[in-house]
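Structure first, commentary second.
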Amino acid sequence: MHRSDWKSVLDAAGAAALDHLESLPQRRVYPEGDHEAIRAALDHPPTETGLDPAQVVAELAGDLGPYITAHASGRFFGFVIGGLHPASWGAEILVSTWDQNAALFPPTPGVAVAEELAAQWLVELLRLPAESSVGLVTGGQMATFTCLAAARHEVLRAVGWDVEADGLLGAPPITVAVKEGGHSTVLRALRFLGLGERAVVAVPCDDQDNVRPDALERVLRSVRGPTIVTVECGNVNTGSFDDFAAVADIADAHRAAGHPTWVHVDGAVMLLAAASAAMAARVRGLDRLDSWSTDGHKLLNLAYDCGIAICRHPSAHRAAMSVQASYLEQGTGARDPMDWVPEFSRRARGLGVYATLRSLGREGVADLVERTARLARRFAAALAASGRAVIVNEVVSNQVLVRWLAPDGDHGRLAEIVMAGVRAEGVAFFSGTTYHGERLMRISVSDWATDEDDVDLAVEALLRHAAHATG
Ligand SMILES: Cc1ncc(COP(=O)(O)O)c(C=O)c1O
């Protein structure tokens with residue numbers, strides 16, 4: 001067997017990795033340099049004879065390092081991006097080192113069992129029904145896709161249609177009731193599933209983008225036959241929670257009226273709230289629904305990428321996902337990871353979940369939820385007290401919506417100027433949104449490493465840029 005000088009490669013990668021991670025408290029959150037500069041730094045085409053791996057890795061780190069956005073910085077507040085928990089980082093090094101194709105139990109029994117345990121711990125931690133099945137995928141998008149594929153299977157099975165065998169041509173129609181303020185990945189999943197965006201009936205929301213139960217009830221009154229409803233645990237803009245108990249009651253009534261019904265929860269932003277006793281009132285009824293999607297790479301602070309699909313109906317989940325092939329080793333009775341996900345070959349994603357949950361412990365997970373919400377409130381209080389900004393949402397979790405008050409009334413333009421100024425300075429990173437027609441700044445506190453000092457530093461920079469822009 002060929003041997004390699006693994007140590008020299010590890011030394012090169014390890015030195016660069018430590019340099020990056022240890023510099024996070026001081027380093028720029030957003031890099032300087034445009035597309036042209038980055039291409040120029042990286043444009044070293046493969047030569048005829050190649051290069052020593054350690055040299056390539058050292059040069060990659062040197063060339064690309066200056067252009068890395070510090071997602072793992074405690075002052076990255078854009079989109080909804082988690083940081084990097086040290087246990088996840090360490091586990092990912094092992095995942096790459098062991099290089100397992102974590103699809104089936106027989107060829108890779110170790111990582112299959114680690115994933116099985118991580119899945120079980122997630123269900124327990126989130127207080128979801130013990131019988132629930134779990135698939136670890138690439139992100140919230142694919143988790144929602146997986147859950148809605150299971151939903152499609154189940155509501156059609158209930159009317160005698162086998163969608164996996166017969167497809168959708170000639171199938172009884174499915175109506176999908178989607179909240180108006182819901183995330184675009186739900187509609188994208190419906191496209192992938194052949195249901196199409198026109199299968200959707202929009203359900204009106206309140207001013208926090210929460211489903212209005214009376215509106216859902218009204219919508220479902222006119223829906224016949226197979227029905228899927230999607231709601232949210234943590235709206236991407238407001239961070240708010242739908243009224244799961246009310247939704248569950250309405251779904252039960254619809255089901256009792258003879259319409260096969262499945263309720264899916266997009267919990268990419270805040271499914272983890274179910275692990276926090278302090279948030280119990282917000283997630284009441286969550287465990288009565290049918291499937292839940294979330295992200296490991298958001299609030300759980302796993303390395304990219306990790307999405308989590310959970311279904312209370314394992315048979316539907318498995319029927320929608322599993323596949324047989326003559327050359328595989330299947331049916332041993334042990335859990336095969338590929339039975340629960342759309343991928344065939346796949347990374348041993350469960351190791352990051354396993355290690356991070358063990359390291360955080362139950363209290364650590366709850367603390368992530370509560371601490372990020374507390375820091376979001378700190379942001380909101382400081383900005384509101386400045387008189388320069390108005391907080392548009394009720395800050396019930398880790399998301400804050402900010403209207404910067406422009407003397408000329410063009411608040412959206414001021415928001416863009418403030419965000420761009422702070423980003424260019426490198427001290428923090430914020431991103432915007434259009435909420436109910438208005439351009440706003442969003443704050444997402446999703447990093448385990450963020451502390452009060454990070455918030456205060458970011459607030460100071462924001463206010464300084466706002467003052468500068470408004471004179
Ligand atoms: C509410 C919600 N759902 C789904 C997603 C998609 O998740 P991912 O980017 O991991 O696919 C996001 C991403 O921000 C989200 O905020």
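The shape of the range 380-437 comes out rounded: with a ≥ b ≥ c from the C-alpha gyration tensor, a/c is under 1.5. Couplings for the range 458-467, taken from phi via the Karplus curve 6.51 cos²θ - 1.76 cosθ + 1.60 with θ = phi - 60°, read 5, 4, 4, 5, 4, 5, 5, 5, 5, 5 Hz in order; Gly and Pro are left as x. For the residues Tyr354, Tyr327, a 1.4 Å probe over the protein chains yields an accessible-area ranking, largest first, of Tyr327, Tyr354.
Ligands, DNA and RNA left out, the 1.4 Å accessible surface of the chain is 54% carbon and sulfur atoms. Using bins of 5 Å that start at zero, the share of Cα-Cα pairs per bin across the range 88-195 amounts to 2, 9, 15, 17, 16, 17, 12, 7, 4, 1, 0, in whole %. Ordered from highest to lowest accessible area with the whole protein assembly present and a 1.4 Å probe, Thr49, Thr433 read as Thr49, Thr433.
With r defined as the distance between the Cβ atoms of Ala245 and Asp207 and R0 fixed at 25 Å, what FRET efficiency is calculated, to the nearest 0.05? According to the calculation, E is roughly 0.75.
Altogether, the Stokes-Einstein calculation at 10 °C and 1.306 mPa s, with the Kirkwood radius of the chain over Cα pairs as Rh, returns a diffusion coefficient of 67 µm²/s.
Along its three principal directions, the equivalent ellipsoid of the range 1-120 from the Cα gyration tensor extends over semi-axes of 29, 24, 13 Å, largest first. With a cut-off of 11 Å between beta carbons, the residues surrounding Glu92 carry a summed charge of +1, where Lys and Arg count +1 and Asp and Glu -1.
Annotation: amide H of Val229 within the under-5 Å range of Ala177, Trp262, Val263, His264, sequence separation 5 or more or interchain, hydrogens built in the peptide plane. A probe of 1.4 angstrom, applied to the heavy atoms of all protein chains, finds Glu22 with accessible area near 130 square angstrom.
Taking every DSSP helix (H) stretch of at least 4 residues in the chain, weighting each as -39,500 (n - 2.57) and dividing the sum by the residue count yields a mean residue ellipticity at 222 nm of -13500 deg cm²/dmol. Rg and Dmax, both from the Cα atoms of the range 218-374 and both in Å, are 17.7, 53. Placing unit charges on the Cβ atoms only, positive for Lys and Arg and negative for Asp and Glu, gives the range 109-239 a dipole magnitude near 400 debye about its Cα centre. Each residue of the range 217-227 was assigned a 3J(HN,Hα) from its phi angle through the Karplus curve 6.51 cos²θ - 1.76 cosθ + 1.60 (θ = phi - 60°); the sequence is 4, 5, 4, 5, 4, 9, 9, 10, x, x, 9 Hz, with glycine and proline shown as x. Using a cutoff of 8 angstrom between alpha carbon atoms and counting only pairs six or more residues apart, the relative contact order for the chain works out to 23 percent. Rounded, prolate or oblate: which one fits the range 136-223, using the alpha carbon gyration tensor with axes a ≥ b ≥ c (rounded when a/c is under 1.5, else prolate when a/b beats b/c, else oblate)? In terms of gyration-tensor shape, oblate. Within the range 1-53, the percentage of alpha carbon pairs spaced more than 18 angstrom apart rounds to 61%. Coupling constants for the range 322-336 follow from the phi torsions by the Karplus curve (6.51 cos²θ - 1.76 cosθ + 1.60, θ = phi - 60°), and in residue order they are 6, 8, 10, 8, 4, 8, 7, 10, 10, x, 7, x, 7, 5, 9 Hz; glycine and proline get x. Let me know the shape class of the range 339-471, please: from the alpha-carbon gyration tensor, a ≥ b ≥ c as square roots of the eigenvalues, rounded when a/c is under 1.5, otherwise prolate if a/b is greater than b/c, or oblate. Prolate shape, in that a/c is at least 1.5 and a/b is the bigger ratio. FRET efficiency for the Ser431 to Glu32 pair, using the beta carbon distance and R₀ = 22 Å, is estimated at 0.75. Working note: Cα gyration tensor of the range 197-302, eigenvalues times five, square-rooted, sorted largest first, giving semi-axes of 24, 14, 13 Å. Taking label points 7 Å from Cα along the Cα-to-Cβ direction, Asp63 and Arg284 give a separation of 5.8 nm. Sequence-distant or interchain residues sharing an amide H contact under 5 Å with Lys298, placed H: which? When sequence neighbours closer than 5 places are left aside, the close amide H contacts are Gly82.
Database remark: amide H of Gly432 closer than 5 angstrom to the amide H of Arg442 (H placed geometrically; neighbours at sequence offset of 5 or more, or on other chains; Pro and chain starts carry no H). Note that the range 68-150 shows a convex hull volume over its alpha carbon atoms of 152 Å³ per residue.
Surface analysis of the chain yields an accessible area of 44 Å² per residue, using protein heavy atoms and a 1.4 Å probe.
The values are calculated or read from the model by the stated rules, or taken from the named source; none is laboratory data. Because the structure is a prediction, the values reported are computed rather than measured. Glycine also receives a Cβ, built like all others from the backbone with ideal geometry; neighbour counts cover every protein chain displayed. Ligands, DNA and RNA are stripped out before the accessible areas are found, and what is left, the full protein with its side chains, is counted by its heavy atoms. Shrake-Rupley method; radii C 1.70, N 1.55, O 1.52, S 1.80 Å.
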